[in-house]
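Q: Dropping the structure in here first, questions after.
Rule-based calculations on the coordinates, nothing more; no lab input. On a predicted model such as this, the values are computed, not experimentally measured, just so you know. Positions of Cβ are backbone-derived with ideal geometry, glycine not excepted, and every protein chain shown enters the neighbour counts.
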Amino acid sequence: MDRCVVLVDAGYLLGAAASLLAGEPARSRITIDHAALIQGLRELAEADTGQALLRIYWFDGAPDRVPQPEHRRLRVMPRVTVRLGALTRSDGRWAQKGVDAAMHAELTELARNRACSDIVLVTGDGDLLPGMMSAKEHGVAVHLWAVQAADGDYNQSEDLVAEADERRLLDRGWLTRAVRPKDLTGACAPAPATRPEITAILSAPTPDREAPAGPPRQEPVPAANGDRPAEAPQPAGQRPGVAVPTPKDLAGLGRAVTAMPEARSATPAVPAATLRWSSDRGWVERPGSPGADVPDTAALPTLAQLTTAEQRWADREEDITTVGGDPHEVGQVFARRWMERLADRAQLPLLATQYPRVPPRIDGELLRYAARFGLLTHKDDQIDEHDRYAIRAGFWREVESRTPVETTRAE
């Protein structure tokens, strides 16, 4: 049949592109416009083969074969089929399993069934040599494309290169239409604006910090026998050598300031502070801590309670086709949907009083939503706390952008 098919080994294509453009083969070092990349592959394949495109097969690895955000975008594009192998970690390095076997099976099946006249292979793995030879025996022309190597040498199997009918080099100029090195100098997600009540907590005097108006620090007093200096007496409640307040210090801050008459007159009033502790469920209150009597957030509805069946279907469609999967973006999308569907706007001040804590029920739903995009998975044997921060930062940034300033500020 007079059509062409493109088989892409994504690990080879993107790894070699990252080496060429960013200096190392890590995909995290490049930004990929998948729509432009697929369109470029299609146009080049049709020009080289002189045949209309039947399909592009995109072979890649994923942890537990769970589609990642880029796979979700690719598999809904026209004429694109995604095939996933396993991505496993061994000796500190990630390796694809089953991708070569899947490409070999697809290559031989297409040739045996005479589904196309030309097959374009974007790969460098010599394991595909038997499949290439089989396809040629069935009368299929095999085109082998290589990515320009960073050191100017080959990055493909020599046997594969020798067996191909036609060859092409994807050079830097072609790649930069869709792939660019990523700027890693900035933070991946902007932090929410600083709240005045939090600033007041961090700047207020604590038992571990010397108050500016207090007596001068006493130097060590030499001992009578001359062996070693005697320690100067420490004020009650102060630990020697510690300058950073602990959660216990912050918890006792309100009582300490209230108990000292001179502090009440010399120290500006500190807003009532709530001591919150981080956990896998988000920010939670420590029982018995000052400010623990926060407003009850059980009245705040979850996104699931606010979403109809029709909206749920539309949300899934948007997740697949539009949402890229960046942690900050995921938090913003969740917050946008929640606020747009909230009928009782009087509940917004209650949400604002919880900053920076996302109410537990909403926070749990937010993290479960983020997990659909492959976020919060085990990376280097640890839960990615940076993703958690970015997701919640995106949530609050969207809330602030859609709420009047006087409402978002805690009373």
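Q: To make sure I understand, if each residue's beta carbon is the centre and we count other beta carbons within 10 Å, what order do 174, 145 fall in, fewest to most?
A: The order, fewest Cβ neighbours first, is 174, 145.
Q: Mind listing the long-range amide H neighbours of residue 170? Cut-off is under 5 Å, sequence gap 5 or more, other chains count too, H placed in the peptide plane at 1.01 Å from N.
A: 146, 147, 148
Q: Determine, for 307, 49, 88, the number of other Cβ atoms within 10 Å of each Cβ, and report the residues in order from fewest to most.
A: Listed from fewest to most nearby Cβ atoms, that is 88, 307, 49.
Q: Further, regarding this structure: What length, rounded to one decimal in nm, is gained on full extension from residue 2 through to residue 151, with 0.36 nm per residue of separation minus their alpha-carbon distance?
A: Net length gain for the segment: 49.9 nm.
Q: Next question. So how do 97, 182 line up by other beta-carbon neighbours within 10 Å, fewest first?
A: So the residues, fewest neighbours to most, are 97, 182.
Q: A further question on this structure: May I ask you to compute the full-extension gain from residue 95 to residue 299, defined as 0.36 nm times their residue separation minus their alpha-carbon distance, rounded to one decimal in nm?
A: Gain on extension, residue 95 to residue 299, equals 68.7 nm.
Q: If you average the sequence gap of Cα pairs under 8 Å that are 6 or more apart and divide by the length of region 25-105, what percent do you get for the contact order? It would help to have the intermediate numbers written out before the result.
A: Numbers: 87 pairs, mean separation 20.9, N = 81.
Relative contact order here is 26 percent.
Q: So what is the relative contact order for region 3-181, in percent, with contacts set as C-alpha pairs under 8 Å and at least six apart?
A: Over region 3-181, the number comes to 27 percent.
Q: Between residue 109 and residue 48, what length comes free when the chain is fully extended (0.36 nm per residue of separation minus the Cα-Cα distance, one decimal in nm)?
A: That pair, residue 109 and residue 48, stretches by 19.7 nm at full extension.
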